[in-house]
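The values are calculated or read from the model by the stated rules, or taken from the named source; none is laboratory data. The shown structure was predicted, so the numbers you read here are calculated from the model rather than taken from an experiment. Methodologically, a virtual Cβ is constructed for each residue, glycine included, from the backbone with ideal geometry; neighbour enumeration extends over all protein chains shown. Accessible surface is based on the protein model in full, side chains and every heavy atom, while ligands, DNA and RNA are left aside. Shrake-Rupley method; radii C 1.70, N 1.55, O 1.52, S 1.80 Å.
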Amino acid sequence: MPQSLSAVFIHLVFTNKERRPYLRDTETREALHAYLGGISKTLDCPPIIVGGMDDHVHLLARLGRTMTQAEWVKELKRVSNLWLKGKGESIQWQGGYAAFSVSQSNLDRVKRYIEDQPTHHRKLSFQDELRALLRKHDVEFDERYVWD
């Protein structure tokens with residue numbers, strides 16, 4: 001093939017250190033989500049939706065064909081952390097992340113899931129949400145190393 005083509009969609013989830021509710025302020029949280037979407041777009045990983053709650057972020061995007069998933073996440077965290085510090089916020093992102101592949105046929109379902117975060121978290125903690133996502137995607141994990 002003379003051309004490289006790709007359609008890889010990723011549902012990314014990450015949290016701040018200690019999972020503290022630093023993003024309680026809706027305006028700050030929405031601005032962060034918009035900023036993360038802009039970073040992702042700049043990295044040639046067009047965002048479909050960015051959402052989350054006061055202690056974590058969900059981002060659904062199409063992974064660019066020239067960037068690894070690890071590079072994408074590293075840059076999202078690095079650049080957004082600088083932006084947050086510039087706004088006087090003392091948030092640090094946790095070192096790890098969870099990323100799940102999403103088929104084209106499930107994009108709308110995952111998008112709705114991210115839009116409905118406030119509803120999910122009325123009855124489910126972030127830890128329980130992440131455990132459920134990991135199990136749903138058959139990701140083996142050790143509780144001792146998931147939380148810091």
* Per-residue SASA entry for R112, accessible area with 1.4 Å probe, Å² rounded to 10 -> 130 Å²
* Asked: Using θ = phi - 60° and the Karplus form 6.51 cos²θ - 1.76 cosθ + 1.60, what ³J(HN,Hα) does each residue of the stretch 39-46 get, whole Hz, x for Gly and Pro?
  -> 4, 4, 4, 4, 7, 6, 10, x
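Work out, step by step, the length gained on full extension between S105 and Q69: first 0.36 nm times the residue separation, then minus their alpha carbon distance; give nm to one decimal. It would help to have the intermediate numbers written out before the result.
On the way: separation 36, 0.36 × 36 = 12.96 nm, distance 2.10 nm.
Gain on extension, S105 to Q69, equals 10.9 nm.
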* Structure fact -> For the stretch 1-114, shape from the Cα gyration tensor axes a ≥ b ≥ c, cut at a/c of 1.5 then a/b versus b/c, turns out prolate
* J(HN,Hα) series, the stretch 64-72, from Karplus relation 6.51 cos²θ - 1.76 cosθ + 1.60, nearest Hz, glycine and proline x -> x, 7, 10, 10, 7, 4, 4, 5, 4
* How big is the accessible area of S90 in square angstrom, nearest 10, if you roll a 1.4 angstrom probe over the protein chains? -> 90 Å²
* Structure fact -> Phi angles of the stretch 26-38, converted by Karplus (6.51 cos²θ - 1.76 cosθ + 1.60, θ = phi - 60°) into ³J(HN,Hα) in whole Hz with x for Gly and Pro, give 4, 4, 5, 4, 5, 5, 4, 4, 5, 5, 4, x, x
* Asked: Roughly speaking, what is the centre-to-centre gap between the stretch 15-87 and the stretch 120-148 when only Cα atoms are used, to the nearest Å?
  -> 19 Å
* Simple spin-label estimate for Y145 and Q94 in nanometres, 7 Å along Cα-Cβ -> 1.5 nm
* **Normalised contact order of the stretch 18-148, rounded percent, pairs of Cα under 8 Å and 6 or more residues apart** => 23 percent
* To do: Pull up all non-local amide H partners of I48: gap of 5 or more, or a different chain, and H-to-H distance under 5 Å with H placed in the peptide plane.
  => L60, A61, R62
* Separation in nanometres of the label points that stand 7 Å from Cα toward Cβ, at N81 and E27 -> 2.7 nm
